[in-house]
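Structure, as structure tokens:
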Amino acid sequence: MRGDIDARLHDLRAAVEEARSVPMSASVMINRSEFLDLLASLEAAIDQTLSQATEVVGDREAVLADGVSQAEEIVRAAEMEREALVSETDVFRLAEIRAAEITESAQQAATELQAETDQYVEEKLANFELTLERTLELVRRGRAKLSGGHSHALGDDSDVDAIRLPDHLDRP
């Protein structure tokens, strides 16, 4: 997943670094078709990563629902056990104590599962954020290199609307 994105970024960097220089300029000539193919493969890798992240979040919800279901089942079992032991004796008091322990244990297990799931999702999203930040930095460097190294031109995004995106990425 991350390795695939890193490989695509490496390919983009290599294409820019290995491109033929334009005489008397800091610019380079890049084969548009090859570069667009490299960008498309990077987009596909990012789309796959996003799909996997979405799947992880979906899995988190399923695990959480299963934990809640198990906790509810434990509570129901404890209630049934208590009803079977209803009396004024020590058995009744012990049953109530046990039911409370089971309930507390189930709630603690659900809380721990929630915390572990949240941590897992946070780690995956942090890794994805880092990958996107690196991609953005590479794109900025590439733009700066293509604009002749004039980084002051990068602050001007007035030409963004003129950029033609592939149909599947077209703005709404």
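Within the shell defined by Cβ-Cβ distances under 13 Å, the residues around Ile74 carry a net charge of -4, with Lys and Arg each +1 and Asp and Glu each -1. Under 5 Å from the amide H of Ser27 lie the amide H atoms of Val22, each residue being 5 or more positions distant or on a separate chain, with H modelled from the backbone and absent for Pro and chain starts. In order along the stretch 101-117, phi translates into HN-Hα couplings of 5, 5, 4, 4, 4, 5, 5, 5, 4, 5, 5, 5, 4, 4, 5, 5, 5 Hz, rounded to whole numbers, per the Karplus curve 6.51 cos²θ - 1.76 cosθ + 1.60 with θ = phi - 60° and x for Gly and Pro.
None of the figures in this text is laboratory data; all of them are computed from the coordinates on show. Predicted model only: the values in this text are computed from it and were never measured. Glycine also receives a Cβ, built like all others from the backbone with ideal geometry; neighbour counts cover every protein chain displayed.
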